[in-house]
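The values are calculated or read from the model by the stated rules, or taken from the named source; none is laboratory data. The structure presented is a predicted model; accordingly, all values stated were derived computationally and were not measured. Because the Cβ atoms are built from the backbone with ideal geometry, glycine has one as well, and the counts that use them run over all protein chains shown. We work out accessible area using only protein heavy atoms, side chains counted, and drop any ligands, DNA or RNA first. Shrake-Rupley method; radii C 1.70, N 1.55, O 1.52, S 1.80 Å.
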Amino acid sequence: MERAEAYGFSGAMSGAFLLSCLLFAAVSRRQRGPYMDEVFHVPQAQAYCHGRFLQWDPMITTLPGLYLLSVGVVKPAAWLLGWTGSVVCSVGMLRFINLLFSAGNFYLLYLLLFKIHQKNKVVSGFQRILLALTLAMFPTLYFFTFLYYTDPGSVFFTLFSYLMCLYGNHKTSAVLGFCGFMFRQTNIVWTVFCAGNVVAEKLNEAWKIELQKKKDERISSRKGSFSDLTRALQFLVEYLLSPKNLVTLTALTWPYIVLVSLFFVFVFINGGIVVGDRSSHEACLHFPQLFYFLSFTGFFSFPHLLTPTKIRKFLLSLRKHPVQYSLITVISLFLIWKFTYVHKYLLADNRHYTFYVWRKVFQRHELVKYLLVPFYIFAGWSFADTLKSKSIFWILMYFVCLLAVTVPQKLLEFRYFILPFLIYRLNIPFVSLYRQLLELAFYILVNAVTFYLFLNRTFQWENSDEVQRFMW
């Protein structure tokens, strides 16, 4: 990092942290007590603060990583600063942990951008800083910086694990992956993703050698066409059937294999992936979740995905491959018809944005969910098109992880899309400075509206005296 870039990054990070502190103060003044899921998380952390480590709220569905880390930070800080009484492990103090995670996420996003795009000499330090700032302010993640939720910590350890993986520190990456798993069990998928990075790199090297042997320049591991995909899948099967290759891959990825094995032991002993209340978190094949994720990504990445050039390229692709797109359309319609689930929380809780998305869009008419298929297909094509710079094996690995982390979820919840979105956004090529600034301005606008609604547009339920607030 050059000196000017270092100064610029320090200034951006300091300014973002100051802004976050001001917002933190505003949120803490307006909402002093626990809100939404905090009514479970805060008392559990406070029980740990008082040494009651055997106490557990059965309504909590995640492992105790957030509470253990909070005690590990707050208790030493209280001892050093002489804090006593109710300030120790208070709601505000526990929420402040996520403010620290937010700053850490900003730094990790910058380091990941630097590492992933280090071969792109055209990208300036200012663009890296700007994109790191933009992603750190990603609305769905940034909002939960100010509440005591697992999301900022879950993202922190997952990004840290990914960074260590890219630098080849796989043991450290696996340990950090375990920390991420302790915040949210589904983060085990991103441990598999880290292992998949290693496998995809070896596969791509072998694939290039194979192409060179055949001297067939028409085949490329980066084109991403249907024929290339077929050849790559055939090569993948042949490669993995070789015992020598399997031994090599196992030697490279054994830390991740150990962690995934421990995960399966946990699932066997626990009787499932969810701890606590399982009745509202049942796994199912909810394939439309992939379509919702693509729509979510298209909304928050519209400067990159929804451009006149993209639309023209899509229409050209549509004209060239009508049979393939017709088949995709039929499959999509079938998946929506047979595998659409509506969780009871989605219909009952009018504090979440998803409630209004479902009511205002999907519940307008029974046919709406089918009429959206052309948009889903365009969003999917545009999404895949922006990943063309990655090897076909990396893309396959990412899509497998994306399916694994979204499809089993019955509840439509935007928080579940945070990590797959960030991983995607980190790996697509940089765009023009204008589009980057447009993306940042859009995120700032969405955040401003979100915090305005949360702080000022309160309401009450008929059967409750508590103040209710809109949120993600």
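Averaged per residue, what accessible surface does the chain expose to a 1.4 Å probe, in Å²?
Result: 49 Å² of accessible area for each residue.
With only Lys, Arg, Asp and Glu charged, each at its Cβ (+1 for the first two, -1 for the last two), find how big the charge dipole of segment 282-431 is about the Cα centre; round to the nearest 20 debye. Display every interim value, and only then the final one.
Numbers: 17 positive and 5 negative charges, 72 e Å.
Roughly 340 debye, rounded to the nearest 20.
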Compare S382, S389 by solvent-accessible area with a 1.4 Å probe and give them largest first, with all protein chains kept in place. S389, S382
Additional length obtainable on full extension of the chain from S279 to K119, 0.36 nm per residue less Cα span: 52.8 nm
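With the full set of protein chains in place, find how many percent of the accessible area of segment 383-426 is carbon and sulfur; take the probe as 1.4 Å. Provide the component values of the computation, followed by the final result.
Numbers: 730 of 1060 Å².
On segment 383-426, the fraction of accessible area on carbon and sulfur atoms equals 69 percent.
Take the Cβ-Cβ distance between R319 and F299 as r, set R0 to 22 Å, and report the resulting FRET efficiency rounded to the nearest 0.05. Show your work: numbers first, answer last.
Working: r = 27 Å, r/R0 = 1.21.
It comes to 0.25.
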Between Q468 and L81, what is the label-point separation in nm under the 7 Å Cα-to-beta-carbon projection? 3.6
At 222 nm, what helix-only mean residue ellipticity would the chain give, in deg cm²/dmol to the nearest 500, using -39500 (n - 2.57) for each DSSP H run of four or more? -22500 deg cm²/dmol
Points 7 angstrom from Cα along the Cβ direction at Y356 and V400: gap in nanometres? 4.0
Distance-filtered residues of segment 399-437 - backbone nitrogen under 16 Å, label point 7 angstrom along V449 Cα→Cβ: none
With labels modelled as points extended 7 Å from the Cα through the Cβ direction, what inter-label distance (nm, one decimal) is found for D57 paired with E201? 4.1
Descending Cα extents along the principal axes, segment 282-431, whole Å: 42, 31, 26
What's the carbon and sulfur percent of segment 1-104's accessible surface, probe 1.4 angstrom, rounded to a whole number? 67
Put +1 on the Cβ of each Lys and Arg and -1 on the Cβ of each Asp and Glu in segment 282-431; which of Y292, T340, F375 then has its Cα farthest toward the positive end of the dipole? F375
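Return the FRET efficiency for the residue pair V330, N270: r is the Cβ-Cβ distance, R0 is 45 Å, and the value is rounded to the nearest 0.05. Kindly include the intermediate steps, with their values, before the conclusion.
Working: r = 39 Å, r/R0 = 0.87.
Rounded to the nearest 0.05, the efficiency is 0.70.
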For D465, what accessible surface area do you get with a 1.4 Å probe? Give it in Å², rounded to 10. 140
